[in-house]
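Student: Sharing a structure here in structure tokens format.
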Amino acid sequence: MNAKPNVWKNYFQMIFRSSPPWLLMAVCFLLSLANAQLALIFANKMASALTDYAVLSDAIGPLFFVFCIGIATVLIKVAGAHLQAIVTAKVDRNVQRYAVSKVFYLKTADVESGDPRELITRLTEDTCKNSPFLVDLMINEIPRLYYIVVATVQVAQVGRPVLTITLLLTIPVIIFGSFIAGRITFKVRNRIQAKIAALTARLAEKIDNAETIKAYGTEESEIASGDEVIMELDKAKKRGAVIDQVTAFIKNMMWFLPLLLIIIPPATLLFNKQITQAEFYAYILIATTFRTYTAQHLDLWVFLKDAQGATLRLSSLLSLDNEKTASGTAEAVSGDIEFQDVAFSYGDGLALDHVSFTLEKGRKTALVGLSGSGKSTALNLIEKFYSPQSGRILLGGTDISQTDYKGYRSLFTYLPQNAPGFDGTVRDMLNYTSKEPHSDEELMEMLRKVDLLDDIMALGGLDYEIGPGGEKLSGGQRQKLGVVRLILSDTEYVLLDEATSALDVEATARVQKAIDEACKGRTQIAVAHDLSTVRNADKILVFDKGCVAAQGTHAELMEASPLYRELVKEVSVS
């Protein structure tokens, strides 16, 4: 019941915050208004030129004037259509920018709650369904209404009520057709588009996991499953095509029926000599344009329903609280990081069970434990990807929920396990977080420290294109590039989540040495499976089933923690 107010609130917020090209829209509006006025002048002058002169030579001047009006009308219409197309493209672009910016500031939990592929469909398709309504409303609606009102007055002045009634009767006929078309567009097309988006996401998921499918030899079953998705997608698109045909039929009928209403009554009056030929011609020209403007006016209803449907689908994104709106304003000041009775769960699965511990500033702290024990969750909470469901996290004595998110995150460098990359060159990836680009000499020296320089030079050097997600690099190469990017950062806190998991023993030792050298004096918090990388940590926290089972140095834990000894033994055996 609250959907419609939310939809239109989100629609107008999205439009006005995306900064439409108001000046260009104003120019288009003036051109549209001029076109409406010229259409009225053309109808009256043409009727006069065709009937008021008995000798052709006398009519040449008026006909030439009418010709000039016609040419001006065409030129203005073409120019207006071209500028309106530019306005529409700019509005689409700005709305997409606005929607994408909202997505990037969404909370991680909200992004993960849906399918990212369906999210992309919303950002690329639905954002382009909002501009037709805005553009038509702001540019064409007033000129259309102006023409409709002035044309009705002029026809009424002829003194034949039947002509005025006939003219006005075209409106309810077109309204009815446009209403039906709009309802179909909103109700049915909305369901079809949602179905297409979901099916497209399912198909993309299969393609993204092609390697896994090949590894398990399930190609045939996945092809069969994919065929089912394709057939469902085909059915959905066919239903969409049927709806388009029904809508087209309604629109064609709305062109034909008003045309009959326009032609028959004045033709009868002319046959009975109740109106002059000039009045007949003027009426036909005015009424024909009247019908066109009325139909276009009511197209606004269809555009409105399209915009309503698209915004309804987008509203789940646009109405969510984001990191900007939910962020505090306190300045983030470096200091110890304290977890005070922090609990967090993913759905029904408890990840952290009321844990309390301190990560000291300027020290290296390692988080170790079995998979699913809560180590990575602790990093995610420190990075403010998620918020504690109870308890609080302090930085320098201030609750991090009260700090400005941007200033807070600027204190941290985070290196996730899979070390993702973006499409671009090696140089682009290494400079991704740098305020000023590093020199090529500095980049190559850092690559040498992690034993990656020879590999990169063999591939083509710093200009080598790594592909989307860094797909042209191995997992180990991506991790090493991520480590170099971390080393080049100058943040006070460094968060590492299995930063060397894709490397062999020798490479791990070399890379970890480079990390430790670069992080001297900085606060290093590392989630590690390979315990050889954290034996020198100032403190090690042992996680077990969402709790901190023990903490201390490597030597202290070897004495006091059976779980830690078991973890060390497992790593040694492996």
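What follows draws every value from the coordinates through simple rules; no lab data is involved. A quick note: this is a predicted structure, and the numbers were derived from the prediction, not measured. Virtual Cβ from ideal backbone geometry, glycine too; neighbours counted across all protein chains shown.
Student: Using mean Cβ contacts within 10 Å as the protection proxy, how do 89-95, 74-80, 433-439 order, highest first?
Tutor: Order by mean packing, descending: 89-95, 74-80, 433-439.
Student: Gain in length, I180 to A204, computed as 0.36 nm per residue apart minus the alpha-carbon separation, to one decimal in nm?
Tutor: Separation in residues times 0.36 nm, less the Cα-Cα distance, equals 5.1 nm.
Student: Also, I was wondering about something else. Residue farthest toward the positive end of the dipole of the chain, with Cβ of Lys/Arg at +1 and Asp/Glu at -1: which of G476, T377, W8?
Tutor: Working it through, the farthest residue towards the positive pole turns out to be W8.
Student: Semi-axes of the equivalent ellipsoid of segment 499-574: what are they in whole Å, largest first, if each equals the square root of 5 times a C-alpha gyration tensor eigenvalue?
Tutor: Taking √(5λ) for each Cα gyration eigenvalue gives 21, 16, 11 Å.
Student: Kirkwood hydrodynamic radius of segment 258-396 from all distinct Cα pairs, in Å?
Tutor: Evaluated on segment 258-396, it is 22.0 Å.
Student: Let's see if you can work this out: charge +1 on each Lys and Arg Cβ, -1 on each Asp and Glu Cβ, no other charges. What is the dipole magnitude of the chain about its Cα centre, in debye to the nearest 20?
Tutor: About 2940 debye.
Student: Can you compute log10 of I(q)/I(0) for segment 382-488 with the Debye formula, treating each Cα as one identical point scatterer, at q = 0.10, 0.13, 0.15, 0.20 Å⁻¹?
Tutor: Results for segment 382-488 at q = 0.10, 0.13, 0.15, 0.20 Å⁻¹ read -0.37, -0.56, -0.68, -0.97.
Student: Cα atoms only, segment 452-493: Rg and Dmax in Å?
Tutor: My reading of the Cα-based Rg and Dmax gives 11.3, 34 Å.
Student: Computed FRET efficiency, Cβ-Cβ of D244 and Q296, R0 22 Å: what is it to the nearest 0.05?
Tutor: In this case the efficiency is close to 0.70.
Student: Sort Y346, Y293, Y564 by Cβ crowding within 10 Å, fewest neighbours at the top.
Tutor: Y346, Y293, Y564
Student: Can you pull a Stokes-Einstein diffusion coefficient for segment 337-573 at 20 °C (1.002 mPa s), Rh from Kirkwood over Cα pairs, as a whole number of µm²/s?
Tutor: Answer from the Stokes-Einstein relation: 116 µm²/s.
Student: Which residue, G467, Q417, V450, has the largest displacement toward the positive end of the dipole of segment 337-573 when charges sit on each Cβ (Lys, Arg +1; Asp, Glu -1)?
Tutor: Positive-most Cα among the choices belongs to Q417.
Student: What FRET efficiency would be calculated for the residue pair K406, Q340, taking the C-beta separation as r and a Förster radius of 22 Å, to the nearest 0.05?
Tutor: Given R0 = 22 Å and the Cβ-Cβ separation, E is 0.35.
Student: As a quick test, which of the pairs K129/K238; K9/K77; K107/K214; K539/K569; K107/K539 have an alpha carbon distance above 25 angstrom in this structure?
Tutor: Among K129/K238; K9/K77; K107/K214; K539/K569; K107/K539, the Cα-Cα distance tops 25 Å for K9/K77; K107/K214; K107/K539.
Student: Using amide H atoms built 1.01 Å from N in the peptide plane, name the residues 5+ places from S561, or on other chains, whose amide H lies under 5 Å from its own.
Tutor: Under 5 Å from the amide H of S561: no residue qualifies.
Student: Moving on to the next point. Between W22 and T276, how high is the FRET efficiency from 1/(1 + (r/R0)^6) when r is the Cβ-Cβ distance and R₀ = 45 Å? Nearest 0.05.
Tutor: 0.45
Student: Only one of the listed values, [x] 150; [y] 169; [z] 216, was derived from the coordinates as volume of the Cα convex hull per residue in Å³; which label is it?
Tutor: [z]
Student: Taking 7 Å along the Cα-to-C-beta vector as the label spot, tell me the E465-T108 distance in nanometres, rounded to one decimal.
Tutor: Here the modelled spin labels are 3.2 nm apart.
Student: Among residues other than A34 whose Cβ falls under 15 Å from its Cβ, what is the net charge (Lys/Arg +1, Asp/Glu -1)?
Tutor: +2
Student: For A509, project a label point 7 Å along Cα to C-beta. Then give me every residue of segment 536-553 with its amide nitrogen under 20 Å of that point.
Tutor: Only 536-537 fall inside the zone, counting backbone N under 20 Å.
Student: Compute the Rg to Rh ratio over segment 435-573 from the alpha carbon atoms, using the Kirkwood formula for Rh, and round to two decimal places.
Tutor: Taking Rg over the Kirkwood Rh, I get 1.02.
Student: Taking the Cβ of K238 as the centre, find all other residues whose Cβ is under 11 Å away and add up their charges (Lys, Arg: +1; Asp, Glu: -1).
Tutor: Residues near K238 contribute 0 overall.
Student: If you don't mind, there's one more thing I want to ask. At 0.36 nm per residue, and after removing the present C-alpha to C-alpha distance, how many nm does the segment from I142 to E441 gain when stretched out fully?
Tutor: Full-extension gain reported as 101.3 nm.
Student: Would you list the membrane-span-like helices of the chain, meaning whole DSSP H runs whose alpha-carbon atoms span at least 18 Å along their axis and whose mean Kyte-Doolittle value is at least 0.5?
Tutor: Helix filter hits for the chain: 22-51, 56-104, 141-156, 161-184, 219-271.
Student: Shifting gears a bit: If the convex hull of the alpha-carbon atoms of segment 341-413 is projected onto planes in all directions, what is the mean projected area in square nanometres?
Tutor: Average projection, Cα convex hull of segment 341-413: 5.2 nm².
Student: Can I ask one more? Can you check what the net charge comes to around H554, using other residues whose Cβ is under 12 Å from the Cβ of H554 (Lys, Arg +1; Asp, Glu -1)?
Tutor: So the environment of H554 carries a net charge of +1.
Student: Moving on. Among H554, H82, rank each residue by its count of other Cβ atoms within 10 Å, from fewest to most, as a rough exposure measure.
Tutor: Starting with the residue having the fewest Cβ neighbours, the order is H82, H554.
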